[in-house]
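Taking it in order: structure first as structure tokens, then the write-up.
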Amino acid sequence: MRIPIVGVICSGTRKAGKPARRAREIGEWLATERVHLLTGGGQGLMAVVSSAFHAVPDRDGLVIGIVPCEPSDPARPKHGYPNRWVEIPIYTHLPWSGAQGTDPLSRNHINVLTSDVIVALPGRKGTLSEIVLALKYQPRAVAAYLADRSEIPGLPEEVPVFDELREIQAFVRSALKRAPK
């Protein structure tokens, strides 16, 4: 039976404070849920959630990273990618991210389309672009695990925000039950 994929989209630079605690919590919990973890494969919160997932013994799922390329060389992964916890790196020829995250040359399309459910942690333009794509490519279920909506500037109102782990857990479990098999 296919193991579902939960995409965790978030900052590739932020890695401290409350956002890092949330990233660790979601990573550790997802590793106990018989799912694969998918991230953009980078540093920051992506590395924190990947590390936390990877550290859980006897998990069924793997850490998948969708890796962008260097803009000047589609055969070379972007510097800093993949982080050391990625077990299945998917190398792409796609360089764009951030403000160009909805561009056809962005790996964000793969991140969203490969995920059965998407959890957003704090981030900026790249995270927002993945949320926009998730809303476009429905029925992708997407929710944010944040202390405040402002942690993702421009977050669309239709994206639910949960600030308690148990709330995001309930959302993910419910969404996985409805996800196509």
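The table that follows gives values for the structure above.
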{"quantity": "Distance in nm between pseudo-label sites at Arg84 and Leu113 (7 Å out along the Cβ direction from Cα)", "calculated": "3.4 nm"}
{"quantity": "Charged-residue dipole, Cβ positions (Lys, Arg, Asp, Glu), the chain about Cα centre, Debye nearest 20", "calculated": "120 debye"}
{"quantity": "Peptides 97-108, 8-19 ordered by average Cβ neighbours within 10 Å, highest first", "calculated": "8-19, 97-108"}
{"quantity": "All-pairs alpha carbon distance profile, the range 10-178, 10 Å steps from 0, percent", "calculated": "11, 43, 38, 8, 0"}
{"quantity": "Beta bridges by DSSP in the chain, antiparallel share as percent, to the nearest 5", "calculated": "10 percent"}
{"quantity": "Residues whose placed amide H lies under 5 Å from that of Ala144, excluding near-sequence neighbours", "calculated": "Ala120, Val161, Phe162"}
{"quantity": "Global geometry of the range 18-100, whether rounded, prolate or oblate, following the gyration tensor of its Cα atoms and the 1.5 cut on a/c", "calculated": "prolate"}
{"quantity": "Distant-in-sequence amide H partners of Glu70 (H built 1.01 Å from N, under 5 Å)", "calculated": "Arg76, Lys78"}
{"quantity": "Spacing of the two label points (7 Å from each Cα toward its C-beta) at His93 and Arg173, in nm", "calculated": "4.4 nm"}
{"quantity": "Cα lying deepest toward the dipole's positive end in the chain, options Ile3, Thr13, Pro104, charges on Cβ", "calculated": "Ile3"}
{"quantity": "Residues in the range 79-119 that a label on Glu70 would reach, taking backbone N under 18 Å of a point 7 Å out along Cα→Cβ", "calculated": "79-83, 91-97"}
{"quantity": "³J(HN,Hα) computed for each position of the range 116-121 - Karplus, 6.51 cos²θ - 1.76 cosθ + 1.60, integer Hz, glycine/proline x", "calculated": "7, 9, 10, 10, 9, 10"}
{"quantity": "Value of [θ]222 nm, deg cm²/dmol, for the chain, DSSP H segments ≥ 4, -39500 (n - 2.57) each, nearest 500", "calculated": "-9500 deg cm²/dmol"}
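Only the coordinates and a few stated rules stand behind these numbers; no lab work does. Since the model is a prediction, treat every value here as computed from it, not as a measurement. Here Cβ is always computed from backbone atoms with ideal geometry, including for glycine, and neighbour counts include all displayed protein chains.
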